[in-house]
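So the structure is just underneath, and the comments pick up after that.
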Amino acid sequence: MATQRGRVDDLVVVVPGIMGSRLADAHGREVWGPSGGALLRGIRTFGGSVKALTLPAGLLDGHPGDGVRPVGVMRDVHGLPGLSPIVEGYTDLLDWLERHFTLRASANLIAFAYDWRLSCRYNAARLGERVAEELGRWRESAPGRADAKVVFLCHSMGGLVARQYVEQGGGAEITRRVITLGTPYRGSLDALLYLVNGLRLNELRRGLGRLVRVDLSSFARSLPSLHQLTPDYACLAGAASLRYAREVTGLPGVDEELLKDAAAFHSGLRRSRTGAAYAVEYLPVSGVLQPTPTTAETGGDGRLAPLLTIEGEDEGGDGRVPCLSSAHVPGVRRPAYTPWEQHGSLQNNAAVRHALWGWLTPEPRVHRGPQGGAPLGVRVPEVVAEGEPCAVEVSVPREVPGYEELAVGVRVDGADGVRRLRNRGDGRYTGTVAGLTAGVRRLEVGAGYPPEATVTALVLVVEGEGGSGGG
């Protein structure tokens, strides 16, 4: 039986998140692009390339003129633990869009790659240039397409790039809607943690062979984009009340000029009503229930210690971006959808894809259904050593019927076997997964296993001391 394809008359532009685009140098050599099985080797290689990729001070919205350019979106799992979570790539999403809608790559489906080191303003201007070219071509390709507009489908920081283009870059008139998956509209605490605490992979896990020598702190601290991802809300615990990072002088590792500019960037987006004037529809998808760093307190050594709460409340999120950020779009009263899913897997979540049907096409999908199963909050380590047990912690809200009596399990890389977690009472379930081999492992956690009922956690497994590389 042929798959029903939904009709899409507009131009759909997919915008990935930070580190979601491959970069090449002036000689065409790829300097960032490891994915899948090459991720472990790529992280080490990237560590050796960081000096050349570090940006000069005072760049703000400029380009360093170093010849680095984007050459495509990341196809497979990718990331740099500490700077970017492990993220499932965009090939599966793009393939799914082509299979299920009247979308064709390089026709009315465009994947926009960009130099994620640079400011969102700079990349929004590049997005505008690309959209003007592609939309003009698409409108002229057939008489019935003269009124086509743009639909943006964005993951993480990609949503900030698209919003800057729509609100401040002249894109509102030709934009129909902006769909964002886990976009940190008010920033993410993780970005501030990396700037202040530094980015040294040996601090994620000790005893992991050659990985321990990778120090990316200077590189991370040079990025305008990373500063623009810092919280645009009061996130630092003080003696009396929470404070904005920009109100605290002397934070180590932070470029104060870039942090001040980041505040102006977010302020400009908050105040803008350009999209509303042109009836642009924003549809924020906000991951929920996952333990998510939201505020921080300063330790005696000057480092920031993350907290999962804000003023005593655990608002949750997608593990990287708290709900108060991903759902906060001026003029939008509530998120368009709230899947229980982790940040790196939102774009491939089955329930999110069900929701996309109503946003991309006027034609309803046959057998379409909502997310089922019990909502789960999942916590796993970002990095483990090969042979080291991987701890899995799951929490279930008390509002869920039978929350204390669920059969919660975890499946690794789609295997048939499901490993049951131990019921600790009060909606808590824990366990360990042993025998993980080097590479990126995909842990599906659920209470029952229809695809839409699971939460996907990605874990980077590195070879131990003396290992030869894996994946």
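Residues in region 405-424: is at least one among the hydrophobic types (A, V, I, L, M, F, W, C), assigned to a strand (DSSP E or B) and within 30 Å of Phe101 (Cβ to Cβ)? Looking for residues that are among the hydrophobic types (A, V, I, L, M, F, W, C), assigned to a strand (DSSP E or B) and within 30 Å of Phe101 (Cβ to Cβ), one finds none in region 405-424, hence no.
Out of everything in region 396-442 that is among the polar types (S, T, N, Q) and open to solvent by less than 80 Å² (accessible area, probe 1.4 Å), what residue ends up being farthest from Glu386 (Cα to Cα)? The selected residue is Asn423. Within region 160-186, being touching an Asp or Glu at 6+ places or on another chain (Cβ under 9 Å), buried (at least 24 other Cβ atoms within 10 Å of the Cβ) and not in a strand (DSSP E or B) holds for Gly182, Pro184, Tyr185. Of the residues in region 330-340, not one is outside any helix (DSSP H, G or I), of a type outside the set (Ser, Thr, Tyr), open to solvent by less than 40 Å² (accessible area, probe 1.4 Å) and at pLDDT 95 or above. Every condition in (1) open to solvent by less than 50 Å² (accessible area, probe 1.4 Å); (2) in contact (Cβ under 8 Å) with a residue 24 or more places away in the chain holds for Val248 except the one numbered (2). Gly302 meets the stated requirement of being modelled with pLDDT under 95, part of a loop (DSSP other than H, G, I, E, B) and more than 19 Å from Arg186 (Cα to Cα). In region 210-245, which residue that is out of contact with any strand residue (DSSP E or B) (no Cβ under 8 Å at 6 or more places or on another chain) and of a type in the set (S, T, N, Q) is most open to solvent (accessible area, probe 1.4 Å)? Once the filter is applied, the top-ranked residue is Ser218.
Residues in region 126-148 that are under 27 Å from Arg353 (Cβ atoms) and buried (at least 17 other Cβ atoms within 10 Å of the Cβ): Leu127, Val131, Glu134, Leu135, Trp138, Ala148. Every listed requirement among (1) within 23 Å of the chain's Cα centre (by Cα); (2) over 16 Å from Val77 (Cβ atoms); (3) at pLDDT 90 or above; (4) open to solvent by 10 Å² or more (accessible area, probe 1.4 Å) is met by Val380 save one, (2). The number of residues in region 19-28 being part of a loop (DSSP other than H, G, I, E, B), in contact with a helix residue (DSSP H, G or I) (Cβ under 9 Å, 6 or more places away or on another chain) and closer than 17 Å to Thr54 by Cβ comes to 1. Taking region 251-275 as the range and being without any contact (Cβ under 8 Å) to a residue 60 or more places away in the chain, over 24 Å from the mean Cα position of the chain (by Cα), under 16 Å from Arg221 (Cα atoms) and open to solvent by 30 Å² or more (accessible area, probe 1.4 Å) as the test, the residues that pass are Pro252, Glu256.
Is there a residue being open to solvent by 60 Å² or more (accessible area, probe 1.4 Å) and free of Cβ contacts under 8 Å to residues at least 12 places away in the same chain anywhere in region 276-289? Checked against the condition, which is being open to solvent by 60 Å² or more (accessible area, probe 1.4 Å) and free of Cβ contacts under 8 Å to residues at least 12 places away in the same chain, region 276-289 yields at least one hit.
Within the set Gly79, Gly89, Gly47, the sole residue that is surrounded by 15 or more Cβ atoms within 10 Å (Cβ to Cβ), more than 20 Å from the chain's Cα centre (by Cα) and under 30 Å from Arg379 (Cα atoms) turns out to be Gly47. For Leu304, the conditions (1) open to solvent by 20 Å² or more (accessible area, probe 1.4 Å); (2) hydrophobic (A, V, I, L, M, F, W, C); (3) touching a residue at least 24 places away in the same chain (Cβ under 8 Å) all hold with the exception of (1).
The condition of being closer than 30 Å to Glu281 by Cβ and out of contact with any strand residue (DSSP E or B) (no Cβ under 9 Å at 6 or more places or on another chain) holds for only one of Glu133, Glu88, that being Glu133.
Quick check: anything in region 13-36 at pLDDT 90 or above, in contact with a Lys or Arg (Cβ under 7 Å, 6 or more places away or on another chain), farther than 21 Å from Thr91 by Cα and surrounded by fewer than 21 Cβ atoms within 10 Å (Cβ to Cβ)? Within region 13-36, none of the residues are at pLDDT 90 or above, in contact with a Lys or Arg (Cβ under 7 Å, 6 or more places away or on another chain), farther than 21 Å from Thr91 by Cα and surrounded by fewer than 21 Cβ atoms within 10 Å (Cβ to Cβ).
Condition check ((1) at pLDDT below 85; (2) at positive phi) across all residues:
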{"position": "Gly171", "(1), (2)": "no, no"}
{"position": "Gly182", "(1), (2)": "no, yes"}
{"position": "Tyr185", "(1), (2)": "no, no"}
{"position": "Ser188", "(1), (2)": "no, no"}
{"position": "Arg206", "(1), (2)": "yes, no"}
{"position": "Arg210", "(1), (2)": "yes, no"}
{"position": "Gln228", "(1), (2)": "no, no"}
{"position": "Pro231", "(1), (2)": "no, no"}
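The values are calculated or read from the model by the stated rules, or taken from the named source; none is laboratory data. Note that the structure is predicted; figures quoted are calculated from it, not measured. Here the Cβ is made from the backbone with ideal geometry for all residues, glycine too, and neighbour counts use every protein chain on show. All accessible areas refer to the heavy atoms of the entire protein, side chains included, with ligands and DNA or RNA removed. Shrake-Rupley method; radii C 1.70, N 1.55, O 1.52, S 1.80 Å.
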